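Heads up, the thing below is written out as structure tokens.
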Amino acid sequence: MKLNKIIFVALFISSLGSAQQKPNIVYIICDDLGYGDIQALNPEKGKILTPEVDALAKKGMTFTDAHSASAVCTPSRYAVLTGRYSWRSRLQQGVLSGGDELDPLIADDITTVPKMLKTAGYKTTAIGKWHLGFKFVDDEGNPAEVYDGKKVIGPTIGSTVPNGPLSRGFDSYIGFHHSRVMKTVIKDDKVIDKMEPIKMLQFLGDHATEYIAKEADASEPFFMYLALNSPHSPVVPSEEWQGKSGMGAYADFVMETDFVVGRVLNALKENGIEDNTLVFFTSDNGCSAPVSKAGKLEKEFGHYPSANFRGYKSDIWEGGHRIPFIVKWPGVIKPGTTNDQLVCQTSLMATAAQIAGVALDDTTGVDSYSMLPMLKNKKNKTGYKLVVNHSINGKFSIRSKKWKLELTPGSGGWSNPNDNKAIEKGLPAIQLYNMKKDPGETTNLYEKHPKLVKKLTAELVRIVENGRSTSGAPQKNDVSVDIFKANEVKQAAVH
């Protein structure tokens, strides 16, 4: 997937005019923010105040059937930045951890969104959480990070990151790798500081607003990938926000997250570039039930982080991967629009490419469909017909229109019944739901529609074997992919 295979298109799409009019692109991705944590998306069962994101929804297009590619963060971030499902890589379940973190999940020869946009004259920056793998080395090139089997120790200030965001297409970076090592602050390719996690959210907000102010008068457009640390654990709302919600630390942290999003949006306006900036607001996956204390939020306060959907982060059920997804682009997107079409976060690659005037070759963005037509008019269709999702345990689902097939007997994650308990209870190895009539996934229709199960299973097999879900020449996955994970599932799906 060499970058030089991308063909630059001289004639940009007519509606965007000259190169000087290409919009800035800002991608704000929260960490473990549930669909129902945004009040505009969950007006009846959402009790946490989110005025900034609610205002964003009034100015843009809100997608109510949008999905992350995975129910956990490393694979969903991989999909966002490559337009490729992460299960095509070596990561078949879980997230990067331990020794796996030393090798980047995004291969060096894969074209990323920032790499692609740089060919169209964009400046690119990443701010915040990375969690896609990199290593720390000292001045002699020796490992500066020690993993004792339980936690990461080190590295020291001054250590170098030779294979971080700068090696994957970003011109600049400031942030941290993941929550367990949040104290280690990296700028570009150097460790520059040790900082308490309670300061991180506002720190990221500071750098995002400073970047916007610095680039506001630049001749080149910019792409900013802002990956917030919240409301993921550690749940550490700053002192100013502690107790604001009256519902506990998680709700306080969500409110502070909303505030920081507002800071970024206000910076665009104050620096005079709001009208020429396309903003995507979303989350990497659903809310974490253990971290948020979801049961307490529901019972004591009537707040449902997954709204009316079943499950939470980690699960193949909707609460794991149906996420907030709001897009604002003044003059292009009609304000206050709600769109119920099926979409996936892999769309960033193809959408940004079409906007920038870049034609993607067969090796790039193999699971990415441009959303530009529907951004211009919600009635317009895109190539999205099938979306594949993945749980923390590597269990698959495929969605086609109103139907969702899940190749697992349980949640595929942490929620009850998990897969082992589902097997003990004798639950079917396959789940099939009519998402239009049953968005809460309460009635398994697997036995009533055997032909549909077989058809959707065949579609999933095709998507895996072709190395892509978009049209184009077949590609290879990096490793062998097992969609069944268990013989009983395979037998139930194909017979």
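Here are the numbers for the structure shown:
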item	result
Positive-pole candidate from Tyr312, Pro23, Phe63, dipole of the chain, charges at beta carbon	Phe63
Rounded to whole Hz, the Karplus (6.51, -1.76, 1.60) HN-Hα couplings of the stretch 431-442, x for glycine and proline	10, 9, 10, 8, 6, 6, 8, 9, x, x, 6, 9
Average silhouette area of the stretch 94-144, convex hull of alpha-carbon atoms, in square nanometres	5.1 nm²
Anchor Lys115: aspartates and glutamates whose Cα lies under 20 Å away (excluding residues fewer than 8 positions away in-chain)	Asp103, Asp171, Asp188, Asp189, Glu215, Glu220, Asp361, Asp362, Asp367
Directionally averaged projected area (convex hull, Cα atoms, the stretch 305-431), nm²	9.2 nm²
Kirkwood Rh and Cα Rg combined as Rg/Rh, the chain	0.94
Sequence-distant residues sharing a close amide H with Phe222 (under 5 Å, placed H)	Asn24, Ile25, Lys123
Magnitude of the charge dipole, the chain, Cβ model with Lys/Arg +1 and Asp/Glu -1, debye to 20	1940 debye
Full-stretch length increase - Gln475, Glu210 - with 0.36 nm per residue and alpha-carbon distance subtracted	91.3 nm
With every protein chain in place, the stretch 240-382: carbon and sulfur % of accessible area (1.4 Å)	48 percent
Farthest positive-ward along the chain dipole, Cα basis, beta-carbon charges - from Phe396, Ala251, Met435	Met435
Out-of-range pairs (alpha-carbon distance over 22 Å; input Lys129/Lys378; Lys123/Lys187; Lys454/Lys485; Lys129/Lys194; Lys299/Lys401; Lys135/Lys190)	Lys129/Lys378; Lys299/Lys401
Longest exposed-site-free window of the chain, the sites being GluC sites (Glu not before Pro) in a DSSP loop that have at most 15 other C-beta atoms within 10 Å	141-495
Environment charge of Pro165, counting only residues whose C-beta is closer than 12 Å and scoring Lys/Arg +1, Asp/Glu -1	+2
Magnitude of the charge dipole, the stretch 256-371, Cβ model with Lys/Arg +1 and Asp/Glu -1, debye to 20	400 debye
Inter-label distance, nm, simple model (7 Å from Cα along the C-beta direction), Ala458/Lys425	3.2 nm
Trypsin sites (Lys or Arg not before Pro), loop per DSSP, at most 12 other Cβ atoms within 10 Å - longest free stretch of the chain	152-378
Full-extension gain in nm, Lys401 to Glu196, via 0.36 nm per residue minus C-alpha separation	69.3 nm
Within straight-line cross-link reach of Lys244, lysines at Cα separation under 18 Å, skipping those fewer than 8 residues along the same chain	Lys47, Lys199, Lys293, Lys296
13 Å Cα-Cα reach of Lys381 towards aspartates and glutamates, excluding residues that sit fewer than 8 places from it in its own chain	Asp340
Over the stretch 50-121: Kirkwood hydrodynamic radius from C-alpha pairwise inverse distances, Å	14.5 Å
Where the stretch 41-90 is the region considered: accessible area per residue in Å², 1.4 Å probe	25 Å²
Additional length obtainable on full extension of the chain from Ala359 to Asn377, 0.36 nm per residue less Cα span	4.3 nm
Quotient of Cα Rg and 2.2 N^0.38 Å for the stretch 279-346, N being how many residues it contains	1.30
Value in Å of the Kirkwood radius, where the stretch 186-233 supplies the Cα pairs that are averaged	12.5 Å
The stretch 97-245 - charge dipole about Cα centre, Lys and Arg +1 at Cβ, Asp and Glu -1, debye rounded to 20	400 debye
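The values are calculated or read from the model by the stated rules, or taken from the named source; none is laboratory data. This is a predicted model, so every value here is computed, not measured. FYI the Cβ positions are ideal-geometry reconstructions off the backbone, even for glycines, and counts take in every protein chain you see. The accessibility values were calculated without ligands, DNA or RNA, using every heavy atom of the protein model including side chains. Shrake-Rupley method; radii C 1.70, N 1.55, O 1.52, S 1.80 Å.
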